[in-house]
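Read the figures in this text as sums done on the coordinates, not as results from a lab. On a predicted model such as this, the values are computed, not experimentally measured, just so you know. Quick reminder, even Gly has a Cβ in these numbers, built from the backbone with ideal geometry, and neighbours come from all protein chains shown.
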Amino acid sequence: MPDIDTDLHVKMLKAYMRDALFMNDAIKRGYATRDDMIKAVRSGKLPHQVVENGRTLIKIADLEQVFGKPRSAIYGMQWGDPDTVPPLLYVKQTYVLPYVKPEHVGLEIGPGGGRWTQYLLPMKKLYVVDHYQELLDALQRQINAPNLVSILNSGTDFPGVGDEEIDFLFSFGVFVHLDPHVIESYLKNMWRILKPEGVAFIQYSDKTKIMARINNSFVDTTTESMREMVRDAGYEIILEDNTTLWHSNVVIFRRGSR
Ligand SMILES: C[S@@+](CC[C@H](N)C(=O)[O-])C[C@H]1O[C@@H](n2cnc3c(N)ncnc32)[C@H](O)[C@@H]1O
C-alpha cells in the first residue's frame, strides 16, 4: 500500500466546516452582504456572540436559518467556483460537460464536498471514490442522489467497481497532492475499470509553475513526468492542457493497446 498523508484532507475539511464563523468570514463566504449582516445582527434577528477583541461569532446553523445556504458553503468552493472562476469554467465546459452523458457511467476520485460532483451527476451511475470516510460523509450531507455510489478505498484501488465499467473518470484537486508512486499505482488500477473507449481526466501539479512551487502541499510533478507515467502505464494521451490553470495541468487519456 502506498503511504498517503492521512492528516491533510481531514484537517482541511475540519478547518472549513466549523460550526460557527466570525462575521467577516461569514460575509466572505457569501451568506449576506456586510450591510444585511450588520442589520440582522443589530436587530437581533441573527443570534450571535461577542467574543475576544469584540469580534462577532455566528453559528452556521443560524446563518443558514436567516439567509439560506450559499453555493460557497460547499467544501471546496474556497478554491474557486467552476461556475464563475474563468479557468475553472473553461475546464468545466471544455473537458467535463462533453463527457457527461445520461447513458454513461462515471467515477470521480476524491470528490471532497462535491464542487465538481454536481456536474457529473447527470450520468446513469456515478461512483465517488475517496480515501477518507469524513470526506464521503461531507459529500453525502451536500448531495443526495440515487445514482451516486460512495466507495471508501485504501488509497489507490477501486473496490466494487466492475471491470471495464467506466466511461468517464474524473479527478480534480487530488493528484496535485499525491506522490508519484501513488499516482503510478492509481494509473495501474484504472486500467481494469476503464472501458476500452473510456476517457480519464486528471488534473495534476505542475512544479514548473510558480503557484505550485509556493504551495507546499503540491507534489513535484511536471508535464514531462506525468506524461511519462501515463504512457508507461499503457495509456494513449488524447489531450494535454498546460496553460489554462495557474498551478497545475490537465491530462486526458484512454487505454491504449498494451
Ligand atoms: C483538496 S480535496 C479536492 C476535492 C474536490 N475534488 C474539489 O476539487 O473540490 C482532495 C480530495 O481527495 C481526497 N483524497 C485524498 N487522497 C486520496 C486518495 N488517495 N484517493 C482518493 N481520494 C483521496 C480527499 O479526501 C478529498 O476529498
In segment 231-248, whose amide N lies under 16 Å from the spot 7 Å out along Cα-to-Cβ of MET211? List them in ranges.
241-248
Which of TRP116, TRP79 has the fewest Cβ neighbours within 10 Å, and the rest in rising order:
TRP79, TRP116
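Could you tell me which of the pairs LYS11/LYS124; LYS188/LYS209; LYS92/LYS124 are separated by over 30 angstrom between their Cα atoms in the structure shown?
Going by Cα-Cα distance, LYS11/LYS124 fall outside the 30 Å limit.
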Rounded to the nearest 0.05, FRET efficiency between ASP232 and ARG71 (Cβ-Cβ, R0 35 Å) equals 0.35
Acute angle (nearest 10 degrees) that the helix 180-193 long axis makes with the longest principal axis of the chain, alpha-carbon atoms:
70
The relative contact order of the chain, taking Cα pairs under 8 Å that sit 6 or more residues apart, comes to a percentage of 14
Between the modelled labels at SER154 and ILE38 (7 Å from Cα along Cα→Cβ) the distance in nm is 5.8
Fraction of antiparallel bridges per DSSP, segment 78-255 only, in percent to nearest 5:
40
For segment 109-258: rounded, prolate or oblate by the Cα gyration tensor [a/c cutoff 1.5]
oblate
Put one equal scatterer on each alpha carbon of the chain, apply the Debye formula with no solvent term, and list log10 I(q)/I(0) at q = 0.07, 0.10, 0.15, 0.17 1/Å to two decimals.
-0.27, -0.54, -1.08, -1.32
Provide, for q = 0.14, 0.26 Å⁻¹, the log10 of I(q)/I(0) from a solvent-free Debye sum over equal Cα point scatterers in segment 97-177.
-0.40, -1.44
Considering only C-alpha atoms, what is the centroid distance from segment 32-59 to segment 206-225, in Å?
40
First measure r as the distance between the Cβ atoms of GLU64 and ASN147, then evaluate 1/(1 + (r/R0)^6) with R0 = 22 Å and state the FRET efficiency to the nearest 0.05.
0.25
Please order THR56, THR221 by the number of other Cβ within 10 Å, starting at the fewest.
THR56, THR221
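How much mean residue ellipticity at 222 nm does the chain get from its helices, if each DSSP H run of length 4 or more adds -39500 (n - 2.57) and you divide by all residues, to the nearest 500 deg cm²/dmol?
Estimated from H runs of four or more residues: -8500 deg cm²/dmol.
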